Amino acid sequence: MRTALLQSSGHPGSVAENLRVLDEAAGRAAAAGAALLTAPEMFLTGYAIGDEVGRLAEPADGASAAAIAEIAARHGLAVAYGYPERAGDTVYNSAQLISADGTRLANYRKTHLFGCFERDHFTPGDHQVVQAELNGLTVGLLICYDVEFPENVRAHALSGTDLLLVPTAQMHPYQFVAESMIPVRAFENQMYVAYVNRVGQEGEFEFVGLSVLAGPDGVPRTRAGRAEQLVFADADPAFLAASRAANPYLKDRRPGLYGSLS
């Protein structure tokens, strides 16, 4: 499945402009044969928007979700994106996957909040594994800091995730996560991992870009630089099956020894 990674910070504070950017990227991705476009964490609104988080937060089935469903259907590709989700009086840092026909397939709420900004504005989610079927692959969702906890990715591996989408807002000086950790996560869990970052200065944060899609052999299939960029790579089910057959990590586990970890 050809996958497009949109490395962009869009226009913080402007949902309308970010929908326009997403629409333009979806057109380019579809023209390049992509079946899936993934945008970064909080792409709908911007990340460093302070108390605007509460004002701009929307329900998972809100107006912006409907607009993105229309974009997905018009261009004929699935879209995953990050946004602030409102559920009553509660706000989550969420990511949603919408199919190529505009159907809402999966909605994930970030379980591990990073730093004072996130803990001040969001409530952590409590569902570790959220998945959907897309073009013959089991697609899972995590957000940024979540992927840095090996337990989260291993839970996806044990639940059969083939392609893990990770909208992110990775900032300086933690670029080693994109450079080193993501390929290792893909290898040790025998899956594809698409880590899709913001880029550039936004408020007090300097986002490092370096978006990457890594394969189950630990090799990056594509990697962006430090600028706004749309990059592509394939998640190949046949290669994944062969890699899993050759790599013994998951079948050589001894769960009886791991009880103390929790």
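A few notes on this one:
- Restricting Arg28, Arg74, Arg55 to residues that are touching a strand residue (DSSP E or B) at 6+ places or on another chain (Cβ under 9 Å), of a type in the set (Lys, Arg), open to solvent by 20 Å² or more (accessible area, probe 1.4 Å) and in a helix (DSSP H, G or I) narrows the list to Arg28.
- Filtered residue count, segment 201-228, keeping only those that are open to solvent by 20 Å² or more (accessible area, probe 1.4 Å), without any contact (Cβ under 8 Å) to a residue 60 or more places away in the chain, farther than 25 Å from Asn247 by Cβ and assigned to a strand (DSSP E or B): 2
- Every test in (1) over 21 Å from Asp126 (Cβ atoms); (2) modelled with pLDDT of 95 or more is passed by Asp51 save one, and that test is (2).
- When restricted to residues that are part of a helix (DSSP H, G or I), of a type in the set (A, V, I, L, M, F, W, C) and open to solvent by 60 Å² or more (accessible area, probe 1.4 Å), segment 96-123 contains 1.
- Tally of residues being surrounded by fewer than 19 Cβ atoms within 10 Å (Cβ to Cβ), part of a helix (DSSP H, G or I) and among the polar types (S, T, N, Q) across segment 139-195: 1
- Asn93 vs. criteria outside any loop (DSSP other than H, G, I, E, B), polar (S, T, N, Q) and in contact with a Lys or Arg (Cβ under 6 Å, 6 or more places away or on another chain): yes
- Every residue from segment 80-95 that is surrounded by 24 or more Cβ atoms within 10 Å (Cβ to Cβ) and touching a residue at least 40 places away in the same chain (Cβ under 8 Å): Ala80, Tyr81, Gly82, Tyr83, Asn93, Ser94, Ala95
- Residues within segment 240-261 that are under 19 Å from Arg185 (Cβ atoms) and either among the basic types (Lys, Arg) or in contact with a strand residue (DSSP E or B) (Cβ under 9 Å, 6 or more places away or on another chain) (or both), tallied: 4
- Filtered by the rule that a residue be outside any loop (DSSP other than H, G, I, E, B) and either free of Cβ contacts under 8 Å to residues at least 12 places away in the same chain or aromatic (Phe, Trp, Tyr) (or both), segment 31-48 gives a lone residue, Ala31.
- Residue selected from segment 32-52 under the condition open to solvent by 30 Å² or more (accessible area, probe 1.4 Å) and hydrophobic (A, V, I, L, M, F, W, C), by the criterion nearest to the chain's Cα centre (by Cα): Ala48
- Counting the residues of segment 59-91 that are within 15 Å of Glu24 (Cβ to Cβ) and touching a helix residue (DSSP H, G or I) at 6+ places or on another chain (Cβ under 6 Å) gives 5.
- Looking only at segment 194-215, and only at residues there that are among the small types (Gly, Ala, Ser) and modelled with pLDDT of 95 or more, the one that is nearest to the chain's Cα centre (by Cα): Ala194
The values are calculated or read from the model by the stated rules, or taken from the named source; none is laboratory data. Keep in mind the model is a prediction, meaning the values are calculated, not measured. As a convention, Cβ positions derive from the backbone with ideal geometry for all residues, glycine included, and neighbour counts pool all protein chains shown. Ligands, DNA and RNA are stripped out before the accessible areas are found, and what is left, the full protein with its side chains, is counted by its heavy atoms. Shrake-Rupley method; radii C 1.70, N 1.55, O 1.52, S 1.80 Å.
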